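The values are calculated or read from the model by the stated rules, or taken from the named source; none is laboratory data. Everything numeric here is computed off the predicted structure, so don't read it as measured data. Backbone-built Cβ (ideal geometry, glycine too); neighbour counts: all protein chains shown. Side chains are part of the model used for accessible areas, which takes the heavy atoms of the whole protein and leaves out ligands, DNA and RNA. Shrake-Rupley method; radii C 1.70, N 1.55, O 1.52, S 1.80 Å.
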Amino acid sequence: MTTEFHPQTEHLARVLSRAFHDDPLFVYFFPDAAKRARQCFHSFRFMLRHAALYGEIICADQSTDGVALWLPSTAMHHSNLDLLRFGVLPALFVQGPAAIKRQLDAVEDMHSMHQTIISEPHAYLSTFGVDPAQQGKGLGSAILRPTLERLDREGTPAYLDTHNEENVSLYLRFGFEVVHHGYLPGGAVMHWGMLRQPR
């Protein structure tokens, strides 16, 4: 049986690769700038496939220049089957085992912190990015605001991780608050955990 993923998965993975090219977490994952876009592509394609099956992929109307990936808090882990069907083997070939390990370790560290911050059911903003050429035009707000308004109506909290200090003020404007700030274990990358209570 063929698994159905989002029809724009490849395009959106490239958009996110451009958006996160200089993000500190992805610089840590993939230190070689010349290879980073191709390596990021496999990580974001994996995340898009995960969200297609277990969460939501949100774009603005009439645009695929930005995207938000939302997961319910019950769907954040991957089974071994998930790893295979979402593309870990092609990623391993392009990224190498050391980069795969850095990603798996970071995800595990973030999940551990996440679980200490909020245990009730909530929505997790696993990824959000806008193509750099389209930033500053209101696209990010058009992507995020409808989902946040729906979560408010449902009475559902939202949580996210970011590793770029420039993003913190953006998320504060959308009602998130910083609930964790510190280096990931090992001291390689700064982490902000942000929580938004429904309004």
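Overview of values
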{"item": "Heavy-atom accessible surface of the stretch 1-62: percent carbon and sulfur, 1.4 Å", "result": "51 percent"}
{"item": "Dipole in debye (nearest 20) - the stretch 70-199, about Cα centre, beta carbon charges: Lys, Arg +1; Asp, Glu -1", "result": "280 debye"}
{"item": "Carbon plus sulfur fraction of accessible area for the stretch 147-199, probe 1.4 Å, in percent", "result": "45 percent"}
{"item": "Translational diffusion of the stretch 93-182, µm² s⁻¹ [Kirkwood Rh, Cα pairs; Stokes-Einstein; 4 °C; 1.567 mPa s]", "result": "85 µm²/s"}
{"item": "Note, ³J(HN,Hα) from phi for the stretch 103-110, Karplus 6.51, -1.76, 1.60, rounded to Hz, x at Gly and Pro", "result": "5, 5, 5, 5, 4, 5, 5, 5"}
{"item": "Accessible heavy-atom area order of 32, 152, highest first, probe of 1.4 Å", "result": "32, 152"}
{"item": "Accessible area in square angstrom per residue, the chain, 1.4 angstrom probe", "result": "51 Å²"}
{"item": "Cut-off under 5 Å, modelled amide H: who pairs with residue 66 long-range", "result": "60, 131"}
{"item": "Hydrodynamic radius of the stretch 148-199 per Kirkwood, over alpha carbon pairs, in Å", "result": "11.6 Å"}
